[in-house]
Amino acid sequence: MRLRFLGTDSNQGTCPAMYATDRGTYVVQGAKVTDRAALGDVRNLAADETLVEIDPGLVRHLIKHYQENHQENHGG
């Protein structure tokens, strides 16, 4: 899998960040969720999965990429 950087809200250019993959999926970089109560709320978290927390403003990079690359395929 290869990643293409979509954007970040960080002034340092580090996490959190959004990426598009060459498989047509997305990857989110953020702070790993370790809070036991939050993890207790999760359904069906597989052994090879983790949760990350991001600022809501970061989602704009995902929306922009989706609109530019996929929306026409889904009636948009």
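The figures follow:
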| quantity | calculated |
| --- | --- |
| Test: residue in the stretch 10-24 that is touching a helix residue (DSSP H, G or I) at 6+ places or on another chain (Cβ under 6 Å) and in a strand (DSSP E or B) | yes |
| In the stretch 25-50, residue surrounded by the most Cβ atoms within 10 Å (Cβ to Cβ) [restricted to those that are in contact with a strand residue (DSSP E or B) (Cβ under 8 Å, 6 or more places away or on another chain) and in a loop (DSSP other than H, G, I, E, B)] | Gly30 |
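We did not get these values from a lab; they are worked out from the coordinates using the rules stated. Worth saying up front: this structure is predicted, and the values here are computed from it rather than measured. Virtual Cβ from ideal backbone geometry, glycine too; neighbours counted across all protein chains shown.
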